[in-house]
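The block underneath contains the structure these notes are about, expressed in C-alpha cells.
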Amino acid sequence: MTSLTEPTEPTEPTEPTGPTEPAELIPAPRAAAAPAAGGVTLDQDTTLWAAPGTGTTERWLRAALGAAFALPLRPGPADRPGGVRLRLDDTMEPEAYRLTVAAPDGVEIRGGGPAGVFWGAQTLRQLLGPDAFRRAPVRPGAPLRIAPVTVEDAPRFGWRGLMLDVARHFMPKDGVLRYLDLMAAHKLNVLHFHLTDDQGWRIEIARYPRLTETGSWRARTKFGHRASPLWDEKPHGGHYTQDDIREIVSYAAERHITVVPEIDVPGHSQAAIAAYPELGNTDVVDTAALAVWDDWGISPNVLAPTDRTLRFYEGVFEEVLELFPAPFVHVGGDECPKDQWRRSPAAQERIRELGLGDEDGLQAWFIRHFDTWLTARGRRLIGWDEILEGGLAPGAAVSSWRGYAGGIAAARAGHDVVMCPEQQVYLDHRQDAGADEPVPIGYVRTLEDVYRFEPVPAELTSEEARHVLGTQANVWTEVMEDHARVDYQTFPRLAAFAEVAWSALPAPAERDFAAFERRMGAHYRRLDALGVAYRPPSGPRPWQRRPGVLGRPIDGPPPNR
C-alpha cells in the first residue's frame with residue numbers, strides 16, 4: 001500500500017472532466033494504491049449486491065448513481081464479475097472502510113460497520129468524477145470507467161460536526177436536507193442543530209403552541225452587523241413541524257449523521273419569553289411587552305430561575321427527546337447576562353434559598369438541574385464552555401468555543417470535549433481582508449487557516465486527549481440572509497475542515513497546503529455540480545458582495561457573537 005500521491009490540478013474550477021484520480025480525494029484517505037489488475041466499467045448491466053446491514057448504502061448508491069448516470073444497479077449475486085458488492089467486516093473499526101476496484105471482480109466496499117460502508121460509497125462517488133454529483137445525466141451513454149485502486153481509510157475523530165444556526169435566519173427544511181447531503185459528501189457525521197435563540201424559536205412543541213405561533217417570527221431584521229443602520233423591514237421567520245424534524249432526523253440517519261438539537265437556556269431566550277412572558281423576570285421587566293428580538297448581539301432578557309420555568313422546559317425537553325434519538329442534547333448555557341437577576345428580588349431570594357454564592361452560581365444551578373434531568377432519561381448534556389463555571393455531572397460534555405481554554409479545562413476535569421474554537425472554525429468570520437468581502441465579521445480565517453487547525457490542544461496529556469470526542473465548524477447566521485450566503489461562508493472552508501476532522505494529518509506547520517489546494521481543483525468541480533455557491537479562490541463574484549452593508553472587521557479578538 002503506497003501513500004496518497006499529490007495531484008496536479010489547478011486551484012481554480014475548470015470544465016468538468018471524467019473520472020477522478022485517487023490523489024484528488026477530499027478528505028484525504030489514509031492510503032491508496034493501484035493494484036496490478038485493470039479498471040472497471042459501470043454500465044446498464046452492472047449489478048449491486050448488498051450484505052445484510054448495508055441497506056442504507058445500497059439505497060443511497062442506487063438513488064445517487066441512478067440519478068446522475070441513469071444506472072439501475074439491479075440486484076445481482078455476490079460473485080457476479082464486474083458488479084458492485086457491499087460487505088461488513090468486523091475486523092475493522094466501525095467507520096473504517098476498504099474500497100477495491102479491480103477487474104474482473106468489479107467494485108467491493110468493505111466497512112467495519114454500516115457507516116464505514118457508506119463512507120466507502122462516498123469515496124466511490126468521488127472517483128466517478130464531478131458528474132456523479134449531479135441530479136440527472138449530462139452525458140447520457142458515456143462510459144463510466146474507474147481506474148484500478150484500493151483505498152483504505154478510517155476517520156481520526158468520531159465527532160465530525162457542523163453547527164448550523166437556523167434561529168437567526170431560518171433555513172427551510174429542504175435547505176437542511178441539502179446540507180445533510182453536503183455533510184455526507186465530506187464524511188461529516190454530526191449536525192449540531194441550533195434551534196432556539198433570542199431572534200427565533202424554530203421547533204414545534206405541541207404543549208406550548210405559542211413558541212412557534214409567536215416565537216418563530218420577528219417583525220424585521222438588522223441587515224449587517226449590529227452597528228449597521230440598515231434594516232430589512234419585513235417579517236422573518238418560520239419553524240419546523242414535528243414531522244419536519246422526524247424527516248430531518250431520518251434523512252440524516254440514512255446518511256449516518258446524528259442530529260444533536262440545541263435548546264438554549266437560560267440566556268438567548270427572548271423568543272421564548274416573548275411567547276410566554278411568565279418565563280422572564282417579571283418583577284423587574286415588563287415581559288408582556290417583549291417581542292422576538294430583531295437585533296444581533298446578546299439580549300439582556302433571560303429566563304427567570306423559578307420552578308415554573310424548570311417545569312416548562314422539562315416539558316420542552318420531553319418532546320425534544322421523543323424527536324431526537326441522539327445520545328447528546330445541547331442546552332447552550334452561554335452568554336447569560338446577570339443584570340436582571342441582580343435586580344430581581346425573586347432571583348435574589350432563590351440564591352439565598354439554594355445557598356448559592358451569587359448569580360453565577362444561579363446559572364450553574366440551572367444547568368445542573370437539566371444535567372441531572374437528562375442523565376435520568378439516558379441522555380447526556382452538552383453545552384458551551386461557560387457551563388464549566390459551577391461544576392458538572394461526570395457525564396456532561398463541553399463545546400469549547402472561547403478558544404482552547406475551555407476544552408483543556410474540561411478534559412483535565414474528566415469531561416468529554418468537542419473542539420470548536422471561534423478563532424479557528426467559526427465560518428461566519430470573514431475569509432479575506434479584502435474590501436469586497438460581504439459583511440466582514442471577526443477574524444480573517446482563510447482556507448489555509450482552517451486547514452492548519454489542530455483540534456487536540458498540545459497542552460493535554462495522551463490520557464486527557466482521549467476526552468476530545470472530535471471537532472465541529474460553527475455557522476452562525478446573523479449576516480447570512482439566505483442559503484447562498486450560507487454557502488459562501490461555509491465553502492470551501494468546510495472541505496478543509498472535513499479533512500482536519502477525518503484525515504490523519506501531520507502537525508499543522510507540516511501540512512502540505514499546496515497539495516490540498518491542487519486537490520481542491522477537482523473538488524471545486526464537485527461543488528459546482530452540487531450547486532454550491534462557494535467563495536472562489538480569486539475572491540467573491542460581483543453578486544456575492546454586499547457593498548455598503550457594515551460588518552465588523554477587527555484584528556484582535558472578536559466580540560462575543
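The values are calculated or read from the model by the stated rules, or taken from the named source; none is laboratory data. Quick caveat, the model's predicted, so the values are computed rather than measured. In this analysis, Cβ positions are derived from the backbone assuming ideal geometry, glycine residues included, and neighbour counts consider all displayed protein chains.
Here are some notes:
- Helices (runs of 4 or more DSSP H) enclosed by the stretch 263-365 - at least 1 residues per element that are among the basic types (K, R) and at pLDDT 95 or above: 307-323, 339-343, 345-354
- Entry remark, the stretch 393-417: residues being part of a helix (DSSP H, G or I) and free of Cβ contacts under 8 Å to residues at least 60 places away in the same chain number 7 in total.
- Of the residues making up the stretch 117-146, those that are out of contact with any strand residue (DSSP E or B) (no Cβ under 7 Å at 6 or more places or on another chain), outside any helix (DSSP H, G or I) and not basic (K, R) are G129, A136, P137, V138, P140, G141, A142.
- Matching entry among G383, G378, G390 (being in the same structural domain as V475 (by TED's automatic domain parsing), at pLDDT below 95 and not polar (S, T, N, Q)): G390
- Against the test of being free of Cβ contacts under 8 Å to residues at least 12 places away in the same chain, of a type outside the set (V, I, T) and farther than 21 Å from I245 by Cα, the options R98, R139 yield a single qualifying residue, R139.
- Residue, farthest from F157 (Cα to Cα), within the stretch 437-453, restricted to residues that are in a loop (DSSP other than H, G, I, E, B) and either of a type in the set (D, E, K, R) or not assigned by TED's automatic domain parsing to the domain that holds D371 (or both): E437
- Cross-chain or 6+ apart pairs with Cβ under 7 Å, the stretch 465-480 first and touching a residue at least 60 places away in the same chain (Cβ under 8 Å), then among the acidic types (D, E) and part of a strand (DSSP E or B): L469/D416; V475/D165; W476/D165; T477/D165
- Residues of the stretch 46-70 that turn out to be assigned to a loop (DSSP other than H, G, I, E, B) and surrounded by fewer than 13 Cβ atoms within 10 Å (Cβ to Cβ), as a count: 2
- The number of residues in the stretch 299-316 being more than 20 Å from T214 (Cβ to Cβ) and surrounded by 20 or more Cβ atoms within 10 Å (Cβ to Cβ) comes to 1.
- Test for V292: is it within 28 Å of R552 (Cβ to Cβ) and in contact with a Cys (Cβ under 6 Å, 6 or more places away or on another chain): no
- Every listed requirement among (1) over 27 Å from D436 (Cα atoms); (2) touching a residue at least 60 places away in the same chain (Cβ under 8 Å) is met by F497 save one, (1).
- Within the stretch 366-387, the only residue that satisfies the criterion of being crowded, with 17+ Cβ neighbours inside 10 Å and assigned to a loop (DSSP other than H, G, I, E, B) is R379.
- Among residues of the stretch 419-431, those that are touching a helix residue (DSSP H, G or I) at 6+ places or on another chain (Cβ under 8 Å), in contact (Cβ under 8 Å) with a residue 40 or more places away in the chain and not in a helix (DSSP H, G or I), counted: 5
- Set L230, L303, L279: member being of a type in the set (A, V, I, L, M) and out of contact with any Ser or Thr (no Cβ under 9 Å at 6 or more places or on another chain): L230
- Among the residues listed as G390, G434, the single one being without any contact (Cβ under 8 Å) to a residue 40 or more places away in the chain, over 21 Å from P327 (Cβ atoms) and in a loop (DSSP other than H, G, I, E, B): G390
- Conditions (1) of a type outside the set (S, T, Y); (2) in a loop (DSSP other than H, G, I, E, B); (3) in contact (Cβ under 8 Å) with a residue 40 or more places away in the chain; number of the one not met by V176: (2)
The rows are residues; the columns are (1) buried (at least 20 other Cβ atoms within 10 Å of the Cβ); (2) closer than 30 Å to S400 by Cα.
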{"position": "V117", "(1), (2)": "yes, no"}
{"position": "R139", "(1), (2)": "no, no"}
{"position": "L144", "(1), (2)": "yes, no"}
{"position": "P155", "(1), (2)": "yes, yes"}
{"position": "W159", "(1), (2)": "yes, yes"}
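- Matching entry among P547, P537, P508 (being surrounded by fewer than 18 Cβ atoms within 10 Å (Cβ to Cβ), under 22 Å from V418 (Cα atoms) and not basic (K, R)): P508
- In the stretch 398-448, of all residues being closer than 20 Å to Q489 by Cβ and of a type in the set (S, T, Y), the one that is surrounded by the most Cβ atoms within 10 Å (Cβ to Cβ) corresponds to S399.
- Where a residue in the stretch 282-295 is closer than 13 Å to H169 by Cα and its partner, wherever it lies, is at pLDDT below 95, with Cβ under 7 Å and at least six apart: D295/R226
- For the stretch 343-354, the criterion of being among the small types (G, A, S) and either in contact with a Gly (Cβ under 7 Å, 6 or more places away or on another chain) or closer than 21 Å to D385 by Cβ (or both) is met by none of the residues.
- Filter pass, I146 being among the aliphatic types (A, V, I, L, M) and within 20 Å of A522 (Cα to Cα): yes
- For the stretch 192-230, the tally of residues that are among the charged types (D, E, K, R) and within 20 Å of the chain's Cα centre (by Cα) stands at 2.
- Of everything in the stretch 152-163 that is in contact with a helix residue (DSSP H, G or I) (Cβ under 6 Å, 6 or more places away or on another chain) and not in a loop (DSSP other than H, G, I, E, B), the residue that is farthest from W296 (Cα to Cα) is R160.
- Neighbours by Cβ (under 9 Å, 6+ apart or cross-chain): first from the stretch 198-216, closer than 16 Å to S299 by Cα; second in a loop (DSSP other than H, G, I, E, B) and among the polar types (S, T, N, Q): D198/S269; D198/S299; D198/N301; Q199/S299; G200/S216; W201/T214; W201/S216
- Verdict on R85 being assigned by TED's automatic domain parsing to the domain that holds L124 and under 26 Å from the mean Cα position of the chain (by Cα): no
- Any hit, the stretch 470-492, residues being among the hydrophobic types (A, V, I, L, M, F, W, C), in a loop (DSSP other than H, G, I, E, B) and at positive phi: no
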